[in-house]
Amino acid sequence: MAKVLEIRWHARGGQGAKTAALMLAESVAEMGKYVQGFPEYGPERMGAPILAFNRISDEPIFVHSNVTNPNIVIVLDPTLLGKAKITDGVPEDGIYIINTSKTPQEIRKILGITTGKIFTIDATQISIETIGRPIPNTPMMGAFIRATGIIPFETFMEHMKEQLGKKFKSKSEVIEGNLKAIERAYMEVKSE
Amino acid sequence: MKTRVALTGNEAVAHAMKQVNPDVVAAYPITPQTEIVQIFSSFVSNGQVDTEFVAVESEHSAMSAAIGAAAAGARAMTATSSQGLALMFEMVYIASSMRLPIVFPVVNRALSGPINIHCDHSDAMGLRDSGVIQLFSENAQEAYDNIIQAFRIAEHPDVRLPVMVNLDGFITSHAMDVLEVLDDETVKNFVGEYKPEDFLLNAKNPISMGNLDLYDFYFEHRRQQTASMEAAKDVIKEVGKEFAKISGREYGLLEKYHLDDAQVAVVVLNSAAGTAKGTCDELRKKGLKVGVLKPRVYRPFPHEEIKEALKNVKVIAVLDRAETFSTNGGPMFQEIRNTLYDLKGDIKVVNYIYGLGGRDLLVEHVEKVYNDLFDLKDGKSLNTVNYLGLRE
Amino acid sequence: MTFNRNFGSGTRTGSVKPGMRWWEITRAGNIYSPGNSKEYETGDWRSIRPVWNKERCIHCLICWRYCPDSSIIAENGKFGEIDYMHCKGCGICAKVCPVNAIDMKPEDETEKVKEVGSDEN
Amino acid sequence: MATLKELSKVPERLVGGHRLCAGCGHGVATRMVLNAVEENEHVVVGCATGCLEVATTIYPFTAWNCSFIHSAFENAGATISGVEAAYRALKKKGKLTENFKFIAFGGDGGTYDIGLQSLSGAMERGHNIVYVCLDNEAYMNTGIQRSSATPIGADTTTSPAGKVIPGKQQPRKDLTAIMAAHNIPYVGQAALSNWQDLYKKAKKAVEVEGPAFLNILSPCPRGWRYNTPEIMEISKLAVETRFWPLYEVEDGKWKLNYKPKKYVPIEEFLKPQGRFKHLFKPGNEHVIKAIQEDVDRRWLALLERCGETPELPPR
């Protein structure tokens, strides 16, 4: 793994990519790692394609620019495939984690790439079944942990439980739903 | 044809405005600028100008309306002082970034608090980084001349920036002074007709102005403003030369007074430069080689010309009528010291803060400065920042 | 420097390109081409698309009235077409239609990819 | 009254490619207002900083098919009045022959709050301008903070519904009445759902000599949290519950433009909106009651001003 792991999220305004990037940063930070999580602030409104970023490192991170050469690309919205510049600046060993019902082989064709590792997960379907609404950002984190192995899954789940508990307080069904979504995504993510 | 008249600074400014006959004036009264608005209103109501006078409800709206008018394609003006300029702060930056040639006299007055109505330069200095051209005027004559030249500078295609014409509150604005005014026709011809290139009321080519400019272009537009400021230096000199042809009075970026053989010199703006020149004359009679440098243009700052003017002077005092609270001197001191750094040499430069809130600057004060400078030249020590006329 | 001293009067161009240098873009960020946002695609915001049903349409133009994106194009006082380059898929047109002549259908991701692919060829 | 068939032939002055949210009320309202300007008229649009401004003029693209100026947040009234003053000056001096209309748009932030002084000044000075407030009842551009147009009980990011305080505590400012108090020739309050009424008001505002003011309720799917396509239902409920009455003040004469046939309780308007969701939890009944009382009281006062019998619609 690169010294600083850089992540780029592709999503649409209002889908919670920023929240996911910040939540991921928070959980990883709990593990004693150094992190950044930030969206690209533009004038775009709800529905417009947007980007969010993470940096993860064992050392303090000093760079504060946008991520241009991500090791990992996470696509939150399947309708962005072929529209957003998903493969831009991604190195040959880059990892793609994509919310779609398609297989990694199919995605490889759509993105037109021969290198890198592709993981797919139908996070939208999972979120509908577990949380009751199409909010794929939490299950995508499960897929991310599986694809990168950056922290042990159990530890991650403990931190998520704590965070979701803080965020949703009394709504136990929302917390349960989200945890279930993460777990299912972790188990069901497809690779080549 | 030139006529000698006795006018106050405010009257002289209003007279210049009448002769220019701008399309729109949007202004709000504030001491010590109020007379300008009043006098100009009477020109409007007596039909001596055909200007649309917009009696706005605040200075913020004054500059906003001037921006609207200038963007629409009109020759627009406003005028203010002190708190009024502070309230305008936001819009001055916008006027310059929209590249609108708005001319506006500022009758310099201290900023609150505590509230004070008298002269200092805190108001103008607060906007030195706003992208407007700043001209300073020693007396009513210069205020009058600067207003007329300001239009040519502001509207020049290389420049297209607002011009702030500064004159000292009460000292210049309310003092009767003898000056030469030009006849209306001469002024009209000199200023010429304003032909905007980009304007809202262009029915054939509609335009969008004041657009959202994010990280992908804002930086470039800022760089363009700097380039215009650079170009303004030449334009100011050209306009000054042309103005000499109709008036006999030539203006550059600064005025040098006995600097050629001066051993010590003071650098000072506006009316205090007159006091310094008077003091200089007295000391010269005693055989002391003293000089005065009076910058006329503060933005753009004439670095090259100042270097040239001061290259043979070894001991210099910069007099500031404003504080920066940097604890290291006033605003002009910082500019001058920055400029002189390039000369390398063993130049000594010190700062005097004077005249805040209208505290008078006397001949004795300037004499003291010159004496201090000679002492400094002879090896005595002196604080970097000093105060004139302060109870200490 | 390579720029014209007179650049202060601005490069007065309709099309600003990202590759332009600082003195080449328009002065003060002025825009000289009214309505040039038409060149900017917002159709890719859409995840569901309105589909017009010609048979059912009574050309009342309520959909035209209520489109926030000027994306219902009326022709000679009748429903003409949907401007998919700018339609963001908000669904208002389908909702206000009194005869259900507009259906909202999911954007097929494969089809979209095909569209892009053909653009590149 | 022109038909949609005719109106659809007037060229669009706000074109596609702007970046307002999908389903934004501002896009609908702005198009409706500009549609009331005759085809052969020239227009200068002014705009306060806000959603409409940042989404329509992202350099180097503009969605305005006419001249447009934005300068700052709190000064759309002053800026457009400067443009109009320039117009009069240039006409007077014979430097301009074409006729222009001047229309400024501002959100409730730029109009009810930070820009009220500038607007008041411009109206009092009698400029021949139209000022349109697109009221979406909070500062949406910065992320849904309360404004003085935010209704009682609404959950915003600076009046959050918390354990102790159930959303905004204060009633809305009545801006339309404040503008009417300026004694300007035309003031109107309109809603998107009643487009014919809105069109008539826009037409009057544009054509009247002197200053005119329009207050348009512009639903915001993001800030109000309703199902985006249902903008017209929400707008209609605002009118039917008398939360947003349609009226106008022409030369000082108040006139009610629409009277709901039956009493529709305010819950109908509140229910579909996420920003009022907390009000339907046990313990918050008193807030809904307070909103209803506020609506009824204002309705009766309005009827009186309009010379109508002050009575509530039959239940």
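The values are calculated or read from the model by the stated rules, or taken from the named source; none is laboratory data. Owing to the predicted nature of the structure, the values given are computational and were not obtained by experimental measurement. Here the Cβ is made from the backbone with ideal geometry for all residues, glycine too, and neighbour counts use every protein chain on show.
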Take the residues in the range A:24-49 that are closer than 23 Å to residue A:79 by Cβ and at pLDDT 80 or above; name whichever of them is surrounded by the fewest Cβ atoms within 10 Å (Cβ to Cβ).
A:40
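Does any residue of the range B:230-252 turn out to be among the charged types (D, E, K, R), more than 30 Å from residue D:81 (Cβ to Cβ), assigned to a loop (DSSP other than H, G, I, E, B) and at pLDDT 95 or above? Don't jump to the end; show me each part of the working.
Of all residues in the range B:230-252, those among the charged types (D, E, K, R) come to B:230, B:233-234, B:237-238, B:241-242, B:245, B:249-250.
After this cut, where a residue has to be more than 30 Å from residue D:81 (Cβ to Cβ) as well, the list is B:230, B:233-234, B:237-238, B:241-242, B:245, B:249-250.
From the residues that got through so far, the ones that are assigned to a loop (DSSP other than H, G, I, E, B) too are B:249-250.
Next cut, at pLDDT 95 or above only: B:249-250.
For the range B:230-252, residues among the charged types (D, E, K, R), more than 30 Å from residue D:81 (Cβ to Cβ), assigned to a loop (DSSP other than H, G, I, E, B) and at pLDDT 95 or above: present.
Can you tell me which residue among B:353, B:347 is in contact (Cβ under 8 Å) with a residue 24 or more places away in the chain and more than 20 Å from residue B:169 (Cα to Cα)?
On the way: B:353 fails: more than 20 Å from residue B:169 (Cα to Cα).
That would be B:347, the only listed residue that is in contact (Cβ under 8 Å) with a residue 24 or more places away in the chain and more than 20 Å from residue B:169 (Cα to Cα).
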Given (1) buried (at least 21 other Cβ atoms within 10 Å of the Cβ); (2) at pLDDT 95 or above, number of the condition residue B:217 does not satisfy:
(2)
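Residues checked against (1) under 27 Å from residue D:227 (Cα atoms); (2) touching a His at 6+ places or on another chain (Cβ under 8 Å); (3) surrounded by 13 or more Cβ atoms within 10 Å (Cβ to Cβ):
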| site | (1), (2), (3) |
| --- | --- |
| D:275 | yes, no, yes |
| D:278 | yes, no, yes |
| D:287 | yes, no, yes |
| D:299 | no, no, yes |
| D:305 | no, no, yes |
| D:309 | no, no, no |
Flag if residue B:44 is within 14 Å of chain D (Cβ to nearest Cβ), assigned to a helix (DSSP H, G or I) and in contact with a strand residue (DSSP E or B) (Cβ under 8 Å, 6 or more places away or on another chain):
yes
Among the residues of the range C:24-37, is any more than 20 Å from the chain's Cα centre (by Cα), surrounded by fewer than 19 Cβ atoms within 10 Å (Cβ to Cβ) and farther than 18 Å from residue D:32 by Cβ?
yes
Condition first: touching a residue at least 60 places away in the same chain (Cβ under 8 Å), closer than 22 Å to residue D:86 by Cα and surrounded by fewer than 20 Cβ atoms within 10 Å (Cβ to Cβ). Now tell me which residues in the range B:164-198 satisfy that.
B:188, B:194, B:196
Among the residues of the range A:129-150, is any under 21 Å from residue A:71 (Cα atoms), loosely packed, with under 15 Cβ neighbours inside 10 Å and in contact with a Pro (Cβ under 9 Å, 6 or more places away or on another chain)?
no
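Residue under question is residue B:209, and the condition is that it be in contact (Cβ under 8 Å) with a residue 60 or more places away in the chain and within 14 Å of chain D (Cβ to nearest Cβ); does it hold? Spell out how you get there, then give the answer.
Details: in contact (Cβ under 8 Å) with a residue 60 or more places away in the chain: yes; within 14 Å of chain D (Cβ to nearest Cβ): yes.
Yes.
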Single condition residue B:202 does not satisfy, out of (1) closer than 18 Å to residue B:309 by Cβ; (2) not acidic (Asp, Glu); (3) not assigned by TED's automatic domain parsing to the domain that holds residue B:311:
(1)
Looking at (1) surrounded by fewer than 21 Cβ atoms within 10 Å (Cβ to Cβ); (2) modelled with pLDDT of 95 or more, which one does residue B:157 not meet, given that it meets all the others?
(2)
Within the range A:59-70, can one find any residue that is part of a loop (DSSP other than H, G, I, E, B), within 12 Å of chain C (Cβ to nearest Cβ) and among the β-branched types (Val, Ile, Thr)?
no
Scanning the range D:47-60 for residues that are farther than 15 Å from residue C:38 by Cβ and at the interface with chain C (Cβ under 7 Å from one of its Cβ atoms) gives D:59
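Can you tell me which residues in the range D:75-92 are in contact with a helix residue (DSSP H, G or I) (Cβ under 9 Å, 6 or more places away or on another chain) and more than 7 Å from every other protein chain (Cβ to nearest Cβ)? Lay out the reasoning, then the answer.
Within the range D:75-92, the subset in contact with a helix residue (DSSP H, G or I) (Cβ under 9 Å, 6 or more places away or on another chain) is D:75-87, D:89-90.
Listed by number, the residues that qualify are D:76, D:77, D:84.
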Name the residues in the range B:310-333 that are farther than 21 Å from residue B:389 by Cα and surrounded by fewer than 21 Cβ atoms within 10 Å (Cβ to Cβ), would you?
B:311, B:312, B:314
Is it the case that residue D:118 is out of contact with any Phe, Trp or Tyr (no Cβ under 8 Å at 6 or more places or on another chain), within 16 Å of residue D:30 (Cα to Cα), at pLDDT 95 or above and of a type in the set (S, T, N, Q)?
no
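So which residues in the range D:8-46 are in a helix (DSSP H, G or I), within 8 Å of another protein chain (Cβ to nearest Cβ) and touching a residue at least 60 places away in the same chain (Cβ under 8 Å), if there are any at all? Before you say what the answer is, go through the steps one by one.
Of all residues in the range D:8-46, those in a helix (DSSP H, G or I) come to D:25-35.
Retained after the next criterion (residues that are within 8 Å of another protein chain (Cβ to nearest Cβ)): D:25-28, D:31-32.
Within the range D:8-46, D:25, D:26, D:28, D:32 qualify.
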Output the number of the condition that residue D:96 fails; it satisfies all remaining conditions of (1) within 19 Å of residue D:192 (Cα to Cα); (2) over 12 Å from the mean Cα position of the chain (by Cα); (3) within 14 Å of chain B (Cβ to nearest Cβ); (4) among the aliphatic types (A, V, I, L, M).
(1)
Restricting the range A:71-86 to residues that are surrounded by fewer than 22 Cβ atoms within 10 Å (Cβ to Cβ) and more than 10 Å from chain C (Cβ to nearest Cβ), the one nearest to residue D:61 (Cα to Cα) turns out to be A:85
State which residue is nearest to residue D:289 (Cα to Cα) when the search covers only the range D:158-210 and only residues that are touching a Ser or Thr at 6+ places or on another chain (Cβ under 7 Å) and within 14 Å of chain C (Cβ to nearest Cβ).
D:191
Does residue A:155 count as in contact with a helix residue (DSSP H, G or I) (Cβ under 9 Å, 6 or more places away or on another chain), among the hydroxyl-bearing types (Ser, Thr, Tyr), surrounded by fewer than 20 Cβ atoms within 10 Å (Cβ to Cβ) and over 20 Å from residue A:187 (Cβ atoms)?
no
Matching entry among B:288, B:293 (being assigned to a strand (DSSP E or B) and not hydroxyl-bearing (Ser, Thr, Tyr)):
B:293
Quick one: count up the residues across the range A:1-51 that are among the acidic types (Asp, Glu) and within 13 Å of another protein chain (Cβ to nearest Cβ).
2
Go through (1) without any contact (Cβ under 8 Å) to a residue 24 or more places away in the chain; (2) in a helix (DSSP H, G or I) and name the single condition residue A:170 misses.
(2)
Scope the range B:133-186; condition within 15 Å of residue B:233 (Cβ to Cβ) and of a type in the set (S, T, N, Q); matching residues
B:134, B:149
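Determine which member of the set B:74, B:79, B:16 is under 26 Å from residue D:92 (Cα atoms), of a type outside the set (S, T, N, Q) and within 14 Å of chain D (Cβ to nearest Cβ). Show your work before the answer.
Values: B:79 fails: within 14 Å of chain D (Cβ to nearest Cβ); B:16 fails: within 14 Å of chain D (Cβ to nearest Cβ).
Result of the check over B:74, B:79, B:16: B:74.
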